[in-house]
Amino acid sequence: MSKSSSGATVGCAELRSQQDLPSPEYERFARLHPDGRRLIKGWFARASRLHDSGHSSPLEAFIYVWISFNGWASCVTQLDFDRQWVNSLAADHEISAEFSRAVASHVEVSQAARLFASYWPIFEVRHLRRRGLLWHGFSDRAATIRYFIDNGATECEPKCRVRHLTEGSPIPLDWPHTLSALYRVRCNLFHGEKSLQSEDDKNIVSAALTCSSTCDHLTSSSYRMNL
Ligand SMILES: [Zn+2]
């Protein structure tokens with residue numbers, strides 16, 4: 001079971017890695033080569049400009065946010081593989097607590113996180129394609145999710161969302177759930193097909209982008225990009 005640096009576990013059991021991964025050390029970003037820091041901050045700034053302009057596709061801006069986040073996360077976790085640093089960060093108590101504080105104290109962050117969570121779970125596009133479920137014709141998200149589940153779709157993030165739905169329990173709007181869903185959006189963008197559909201449609205990517213962009217509130221704290 002993955003544990004945070006404080007020793008406490010965070011998130012639902014389904015979101016915890018079975019691998020023993022190192023905890024992030026956020027001060028590493030301050031020691032990164034200045035060129036590396038400049039690139040990471042530059043990608044994030046570029047995403048913000050695209051997002052604020054409102055003229056470009058949310059995909060491009062989301063990809064820049066993710067490239068920036070990937071660079072920062074690889075630095076602070078010293079892990080090369082996306083799934084590993086996602087799991088390391090998801091299990092970390094410090095950034096989880098800062099995310100919860102941001103959701104509780106910043107209306108924009110709260111709204112963005114809640115909007116993105118309204119689309120959960122985000123299913124794996126390849127899994128839906130293999131099961132012939134991509135072209136379903138629903139426009140309502142709840143009906144779409146129900147259709148996927150009723151037709152045997154299981155691969156999604158947050159993984160525990162189907163259990164929460166079955167139990168009727170509210171899904172925690174916390175860092176591990178949010179990060180796992182953001183990672184699924186990122187993977188779907190690179191595993192999808194030419195046209196946006198269902199799990200990688202513009203509404204979901206746009207909500208993911210706004211959610212990840214509002215984490216700008218964390219850049220001077222958890223993300224520590226402003227060092
Ligand atoms: Zn859960």
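The values are calculated or read from the model by the stated rules, or taken from the named source; none is laboratory data. Being a predicted model, the structure only gives us computed values, none of them experimental. Here the Cβ is made from the backbone with ideal geometry for all residues, glycine too, and neighbour counts use every protein chain on show.
Structure notes:
- Breaking point among (1) within 30 Å of His106 (Cα to Cα); (2) of a type outside the set (Gly, Ala, Ser); (3) not in a loop (DSSP other than H, G, I, E, B), for Phe190: (1)
- Check on Ile145, closer than 27 Å to Pro24 by Cβ, outside any strand (DSSP E or B) and touching a residue at least 24 places away in the same chain (Cβ under 8 Å): no
- Failed criterion for Arg131 (all others in (1) without any contact (Cβ under 8 Å) to a residue 60 or more places away in the chain; (2) among the basic types (Lys, Arg); (3) in contact with a Pro (Cβ under 8 Å, 6 or more places away or on another chain) hold): (3)
- Residue match in the range 107-128 (condition: at pLDDT 90 or above, polar (S, T, N, Q), loosely packed, with under 13 Cβ neighbours inside 10 Å and more than 22 Å from Thr210 (Cβ to Cβ)): no
- Residues satisfying the stated conditions in the range 150-172, i.e. in a loop (DSSP other than H, G, I, E, B) and either within 10 Å of the ligand (Cβ to nearest atom) or surrounded by 18 or more Cβ atoms within 10 Å (Cβ to Cβ) (or both): Ala153, Pro158, Lys159, Cys160, Ser169, Pro170, Ile171, Pro172
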